[in-house]
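Below: the structure, in structure tokens.
Every number in this text was worked out from the coordinates using simple rules, so none of it is lab data. Since the structure is predicted, the reported quantities are computational estimates derived from the model, not experimental observations. Cβ sites come from the backbone with ideal geometry, for glycine too, and all protein chains shown count toward neighbours.
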2 protein chains.
Amino acid sequence: MSAARASGDGTTPSSQTGSGEAGAAARRGGAKAAPDKRRLILDAAVRVFARQGFHACRVADIADEAGVAYGLVYHYFGSKDEVLDTLFLERWQVMLELIREVDAEPLPVREKLRAIASFIIDSYSHDPDLMKVIIVEVTRAANSFGDTHIGTIRDAYELIGKIVQQAQDEGVFKAEIEARFAAMAFYGVIEQLLTGWIFDLLPQGEEEFERAKSVVVETVCGGLEVGAVSGGTTAGNRLPR
Amino acid sequence: MSAARASGDGTTPSSQTGSGEAGAAARRGGAKAAPDKRRLILDAAVRVFARQGFHACRVADIADEAGVAYGLVYHYFGSKDEVLDTLFLERWQVMLELIREVDAEPLPVREKLRAIASFIIDSYSHDPDLMKVIIVEVTRAANSFGDTHIGTIRDAYELIGKIVQQAQDEGVFKAEIEARFAAMAFYGVIEQLLTGWIFDLLPQGEEEFERAKSVVVETVCGGLEVGAVSGGTTAGNRLPR
DNA sequence: AGGTGTTGACTGACCAGTCAATCTATTTGG
DNA sequence: CCAAATAGATTGACTGGTCAGTCAACACCT
């Protein structure tokens, strides 16, 4: 289930600094092992970025939050920017992978889209701070990180576009609405819901998150109007009401 | 027509700094009048913010772009922040007004939503830089301007929510999808399209903008699936392609 | 003579990134 | 099995540059 993947912790997503770190890996093989300062810093950064925003926080804040010395941040990361880059890529890569997997499976479109929506919403549910940072500081940040990662971001849109395209080829989705637009619409709805939660404009909670998954798919696929298709959600969904 | 209102120039949307400025208004009554430095600074700021981002630009950049001295920026605005605040409020206020007007008129939901979508897209078409700044620096910026203006932003969502609610009461929109969610979805689709244009992920141009208006309404109201409602749009554009 | 508009040099605070020193663990060679 | 050597981890004071905001002076109008 996609929800499972949403929590990809403890795995220490490998290098990023580029330096050799075989020694650290070996040491970690033991028992409790050293608290892996690199991870500690990343996690602290998420909290600090979410709380104060990337621009408003100082590197010292991250170090303090992580309980390490200032200089250590620069031992593991080349710059303040690189910390954010790492956080973003770590998560976005996992999402791209999931979308590719979903795309490969022989599922009805609704299910594919639902899987994607579920992944993103579960990601938020599992670590709201991280998703807040990604959306606020990267995904929408032209002239800074958004620009840097535009290629990676675009990949996601294109993968979703492919799914829509296929549905159109199969005659399940209307052909008049360009796949590219449809993909943006779908993603836009999800991101706006997260934004609503981030800004505390919408009620949050497991229940709401579950409901949101259905709402997203139902809205985008079936439309808001009565008389439009009202498919069931996950399982069998052909019955017209 | 909503498109007309999207271009609210030459009118100098009045005060914002709060100080008395009757003198300026009187002088402007003449002919060409002084170039209204305040406006000059605001327009320059839009360009600079759009080009470099709010955080990455210096106040000196704004002054240079406007062709005025550094200190003059502080004569008209209390701070760098206030410049952005002014730009945002100026435009957002107009949008709120439009939504209220649209809401008051006895139109079918599709038309109301189309009018709103048209306004926002026309705004972008008319001044992409300004919309870029508003979306990138305010609308999605938790922990900075988004937080400051959250109330004003929320107003828009709620007004749209009211329109959806009404459609539900009339039995035109499905009741299962909470109006609040639906409103967010609608707005989210629009903002994501703008984001696509801002990041150059979607083709731009008058033609695309026009098409987008229909796509937004059609997607959100009728859904992507075949068999869903395929309503016409505003004027005489019933023909499918 | 007084007020508003305009100028740009200056300052005070702030902060990313550097670096030399210290500490800890692992390896080597005797 | 231990001491010296090596390498990485960790520390935090310090620096160099940046920039928002101030201010005193000047320009122009009435």
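Report, as an integer, the average count of C-beta atoms from other chains found within 10 Å of each Cβ along A:214-222. Don't jump to the answer; show the numbers that get you there.
Details: counts 2, 7, 4, 0, 6, 14, 7, 5, 9.
What the average comes to for A:214-222 is 6.
Within the set of other residues whose C-beta is less than 15 Å from the C-beta of residue A:62, count the net charge using Lys and Arg as +1 and Asp and Glu as -1.
Values: positive: A:37, A:38, A:39, A:47, A:51, A:58, A:80; negative: A:43, A:61, A:64, A:65, A:81, A:82, A:85, A:129, A:137.
Computed value for this residue: -2.
Report the charge-dipole magnitude of region B:35-138 in Debye, nearest 20, computed about the Cα centre from +1 at each Lys and Arg Cβ and -1 at each Asp and Glu Cβ.
On the way: 13 positive and 18 negative charges, 32 e Å.
Dipole size: approximately 160 debye.
Ranked by Cβ crowding within 10 angstrom, fewest neighbours first, how are A:219, A:86, A:195 ordered? Walk me through the numbers on the way to the answer.
Working: A:219 28, A:86 19, A:195 24.
Final ranking by Cβ density, sparse to dense: A:86, A:195, A:219.
Greater than 20 Å separation of Cα atoms is the criterion. Which listed pairs, A:174/B:213; A:132/A:162; B:80/B:132; A:132/B:174; B:132/B:213; B:112/B:162, meet it? Kindly include the intermediate steps, with their values, before the conclusion.
Working: A:174/B:213 17 Å; A:132/A:162 27 Å; B:80/B:132 18 Å; A:132/B:174 30 Å; B:132/B:213 18 Å; B:112/B:162 11 Å.
Beyond 20 Å: A:132/A:162; A:132/B:174.
How big is the dipole moment of region B:162-203 about its Cα centre under a simple scheme where the beta carbon of each Lys and Arg is +1, that of each Asp and Glu is -1, and everything else is neutral? Debye, nearest 20, please.
Numbers: 3 positive and 6 negative charges, 10 e Å.
I would put it at about 40 debye.
In what order do B:221, B:57 fall by count of nearby beta-carbon atoms within 10 Å, going from fewest to most? Write down the numbers at each step before the final one.
Working: B:221 27, B:57 19.
If I rank by nearby Cβ atoms, fewest first, I get B:57, B:221.
Can you list residues from other chains, or at least 5 along the same chain, whose modelled amide H is less than 5 Å from the amide H of residue B:173?
Here A:226, B:168 satisfy the definition.
What FRET efficiency, computed as 1/(1 + (r/R0)^6) with R0 = 41 Å and r the Cβ-Cβ distance, is obtained for residue B:94 and residue A:51, rounded to the nearest 0.05? Display every interim value, and only then the final one.
On the way: r = 33 Å, r/R0 = 0.81.
The value I calculate is 0.80.
Would you mind pulling out the separation of the Cα centroids of region B:102-125 and region A:185-227, in Å?
Here the two parts' Cα centres lie 21 Å apart.
Between copies, how far does the label point of residue A:227 sit from its twins, in nm, shortest first, when each point is 7 Å from Cα along Cα→Cβ?
1.7
Please report, for residue A:162, the nm distances (one decimal) from its label point, 7 Å out from Cα along the beta-carbon direction, to the equivalent points in the remaining copies, shortest first.
4.5
For residue A:151, which inter-copy label distances result when the label point lies 7 Å beyond Cα on the Cα-to-Cβ vector, reported in nm to one decimal and in ascending order?
Inter-copy label distances (nm, one decimal, shortest first): 4.6.
In nm, to one decimal, how far is the residue B:81 label point from the residue A:36 one, both placed 7 Å along Cα→Cβ?
Using points 7 Å along Cα→Cβ, the separation is 3.8 nm.
Please arrange A:163, B:150, A:134, B:62 by counting, for each residue, the other beta carbons lying within 10 Å of its beta carbon, fewest first.
Working: A:163 22, B:150 15, A:134 30, B:62 25.
In order of increasing Cβ crowding within 10 Å: B:150, A:163, B:62, A:134.
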